[in-house]
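See below for the structure under consideration.
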Amino acid sequence: MLPAVFNPRQKSLIRGNILVLSSLLAAFPLSGFPHNRATPYLVIPTLLAIAGTVDTVRCIRRRWSFYHAGVILCIYMDLMALTLILVFLLYPYALWMSGAH
């Protein structure tokens with residue numbers, strides 16, 4: 001019997017957070033931060049972060065409690081990490097923002 005963390009059919013807040021944070025950590029070396037470079041490999045951490053965010057959203061309950069509030073904070077953290085990964089992915093292609101011609 002697998003623990004709930006490894007079973008994708010069961011809700012797991014830990015799995016969602018680990019997916020998002022590990023994809024954020026993987027996005028830093030892939031993007032070459034602070035000298036961002038265009039690489040399509042950043043799509044993989046983006047998709048993993050989206051999957052982790054969806055997994056976190058699955059954990060929310062209908063009735064308000066402190067657990068519900070904690071899950072909402074985790075969702076906000078997921079959205080901030082996802083936004084940062086998308087900046088790493090899209091910034092090198094936005095030449096009007098970087099000043100390169």
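None of the figures in this text is laboratory data; all of them are computed from the coordinates on show. Remember, it's a predicted structure, so these values are computed and weren't measured experimentally. Ideal geometry is used to build each Cβ from the backbone, glycine not excepted, and the neighbour counts take in all protein chains shown.
Think of each Lys and Arg Cβ as +1 and each Asp and Glu Cβ as -1; about the Cα centre, that makes the dipole of the chain roughly 460 debye.
Computed from Cα atoms alone, the Kirkwood hydrodynamic radius reported for the chain is 14.6 Å. Applying 1/(1 + (r/R0)^6) with R0 = 22 Å to the Cβ-Cβ distance of ARG37 and THR83 gives a FRET efficiency near 0.70. Looking at the range 1-95, the chymotrypsin sites (Phe, Trp or Tyr not before Pro) that sit in a DSSP loop and have at most 16 other Cβ atoms within 10 Å of their own Cβ are PHE6, TRP64.
Taking the longest Cα principal axis of the chain as reference, the axis of helix 13-31 is set at about 10 degrees. For the chain, set up a GNM with springs between Cα atoms under 10 Å and report which of GLY70, GLY52, GLY16 has the largest fluctuation. The residue with the greatest mean-square fluctuation here is GLY70. List the trypsin sites (Lys or Arg not before Pro) within the range 38-77 that DSSP assigns to loop and that have no more than 15 neighbouring Cβ atoms inside 10 Å. Sparse-neighbourhood loop trypsin sites (Lys or Arg not before Pro): ARG61, ARG62, ARG63.
Between 0 and 90 degrees, the angle of helix 66-90 with respect to the longest Cα principal axis of the chain falls at about 20 degrees.
In which sequence would HIS68, HIS35 go, from the one with the fewest C-beta neighbours within 10 Å to the one with the most? Provide the component values of the computation, followed by the final result.
Working: HIS68 14, HIS35 7.
Lowest count first: HIS35, HIS68.
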